[in-house]
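Visitor: The structure is given below, and queries will be raised subsequently.
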Amino acid sequence: MIHFGNCVSAALAAVCVSGLAANAAAQDDRVDVDVELVLAVDISYSVDEEEAHRQREGYVAALAHEDVIRSIQGGPLGRIAVTYVEWADTGFQRAAADWTVIASEEDALGFAAQVAAAPFERGHYTAIGSAIADAVRRIDANDYTAPRLIIDLSGDGPQNQGMPLESAHALANQSGVVVNGLPVISASEGRWVRPVEVNLEGYFREHVITGPGAFVLPARAEDEFRVAILRKLVLEIAGAMPSRSELALPDAGTPVVGRAP
């Protein structure tokens with residue numbers, strides 16, 4: 001006679017084997033890429049409407065630039081997975097263009113066109129920690145696998161709402177995600193914003209970035225943004241670091257502030 005306990009054990013073992021097989025099959029369905037990259041772009045009210053449009057235009061131009069395409073194609077697999085997410089308040093993180101594999105100029109132009117055509121929305125506050133946590137979740141839940149996982153986060157002010165940055169960093173570190181920063185530095189006031197007395201570049205270095213090799217590459221004026229994002233994308237895709245001069249903090253006498261609503 002076969003004991004009931006033995007039957008249960010055998011059934012459980014079969015379920016476990018089946019579950020492992022299903023998980024392995026799911027892993028096999030994942031697409032290998034060189035980099036998984038979240039472009040996380042601040043569109044809170046600290047970013048005035050003109051600047052917000054200029055940011056998006058800068059990303060669109062950079063994504064379609066030959067230097068970026070060359071960097072993608074120069075990787076071991078010659079392809080990356082990327083998504084473009086605009087963020088603001090704790091609950092405001094919206095993918096203007098969802099995960100897409102870019103391996104060619106045609107792919108890059110198509111993705112850039114999606115970003116350019118996305119509806120334009122705004123949020124009020126600057127929830128950097130929530131934006132990082134959302135980006136980590138997007139990486140964890142996607143259909144890709146890569147040796148390098150990166151969040152490229154731009155913003156022009158310090159956090160004033162949302163998940164504590166320490167908690168967001170813990171999530172990123174647990175998933176092996178590097179967070180790089182692109183502070184957009186401006187002392188000008190707008191309809192909805194005011195200057196905030198904080199060294200924004202230093203703030204990003206101390207509180208925003210995390211992970212091995214994480215770096216900050218600032219755009220110290222609005223007209224530098226297009227050049228800065230192009231340079232940053234090339235570096236991130238190639239797995240390189242900025243030059244010493246690009247990483248240098250400004251002189252102590254140089255006014256460096258952030259903005260907030």
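The values are calculated or read from the model by the stated rules, or taken from the named source; none is laboratory data. What you see is a predicted model; the values in this text were computed from it and never measured. Positions of Cβ are backbone-derived with ideal geometry, glycine not excepted, and every protein chain shown enters the neighbour counts. Side chains included, ligands, DNA and RNA excluded: accessible areas come from the protein's heavy atoms. Shrake-Rupley method; radii C 1.70, N 1.55, O 1.52, S 1.80 Å.
Visitor: Skip the ligands, DNA and RNA, and give the accessible area per residue of the stretch 45-196 with a 1.4 Å probe, whole Å².
Guide: Details: 6270 Å² over 152 residues.
With all protein chains present, the stretch 45-196 gives 41 Å² per residue.
Visitor: Only sites in a loop by DSSP and with at most 16 other Cβ atoms within 10 Å count here; which trypsin sites (Lys or Arg not before Pro) in the stretch 59-147 make the cut? Mind dumping the intermediate values first?
Guide: Working: sites: Arg70, Arg79, Arg94, Arg122, Arg137, Arg138; in loops: Arg79, Arg122.
Sparse-neighbourhood loop trypsin sites (Lys or Arg not before Pro): Arg122.
Visitor: 7 Å from Cα along Cα→Cβ at both Glu57 and Ala113: what's the point-to-point distance in nm?
Guide: 2.1
Visitor: Further, regarding this structure: Averaging sequence separations of C-alpha pairs under 8 Å and six or more residues apart, then dividing by the length of the stretch 35-193, give the relative contact order as a whole percent. Let's see the in-between values first.
Guide: On the way: 301 pairs, mean separation 48.5, N = 159.
Once normalised by length, the contact order is 31 percent.
Visitor: Suppose R0 equals 22 Å; then what is the FRET efficiency for Leu77 and Ala170 from their Cβ-Cβ distance, rounded to the nearest 0.05? Intermediate values should be presented prior to the final figure.
Guide: Numbers: r = 30 Å, r/R0 = 1.35.
My answer for the efficiency is 0.15.
Visitor: Residues with beta-carbon under 15 Å from that of Gly110, excluding Gly110: net charge, scoring Lys, Arg +1 and Asp, Glu -1? Don't jump to the answer; show the numbers that get you there.
Guide: Values: positive: Arg79; negative: Asp98, Glu105, Glu106, Asp107.
That sum, taken over residues with Cβ under 15 Å, equals -3.
Visitor: If you don't mind, another one. Could you tell me what percent of the accessible area of the stretch 69-183 is made up of carbon and sulfur, with a 1.4 Å probe and every protein chain present?
Guide: Working: 2260 of 4430 Å².
Its accessible area is 51 percent carbon and sulfur atoms.
Visitor: Give me the extension gain from Val227 to Ser243: residue separation times 0.36 nm, minus the current Cα-Cα distance, reported in nm with one decimal. List each step's numbers first, then the result.
Guide: Details: separation 16, 0.36 × 16 = 5.76 nm, distance 1.45 nm.
Gain in length upon complete extension: 4.3 nm.
Visitor: Could you order Tyr59, Tyr144, Tyr45 by accessible surface area, starting with the largest, using a probe radius of 1.4 Å?
Guide: Working: Tyr59 0, Tyr144 30, Tyr45 65 Å².
So the residues, ranked largest to smallest area, are Tyr45, Tyr144, Tyr59.
Visitor: Per-residue accessible area for Asp143 at 1.4 Å probe radius, Å² rounded to 10?
Guide: 100
Visitor: Sorted by accessible area with a 1.4 angstrom probe, largest first, how do Glu206, Glu51 fall? Don't jump to the answer; show the numbers that get you there.
Guide: Working: Glu206 135, Glu51 5 Å².
Most to least solvent-accessible, the answer reads Glu206, Glu51.
Visitor: Take Tyr84, Tyr203 and sort them by solvent-accessible surface of the protein heavy atoms, 1.4 Å probe, largest at the top. Each step should come with its number before you reach the end.
Guide: Values: Tyr84 0, Tyr203 35 Å².
Sorted by accessible area, descending: Tyr203, Tyr84.
Visitor: To continue, here is another question. Enter the accessible area of Trp99 (Å², nearest 10), with the probe set to 1.4 Å and all protein chains included.
Guide: Approximately 50 Å² for this residue.
Visitor: Normalised by the number of residues in the stretch 32-81, what is the relative contact order in percent for Cα pairs under 8 Å and 6+ residues apart?
Guide: Working: 27 pairs, mean separation 34.9, N = 50.
Here the relative contact order equals 70 percent.
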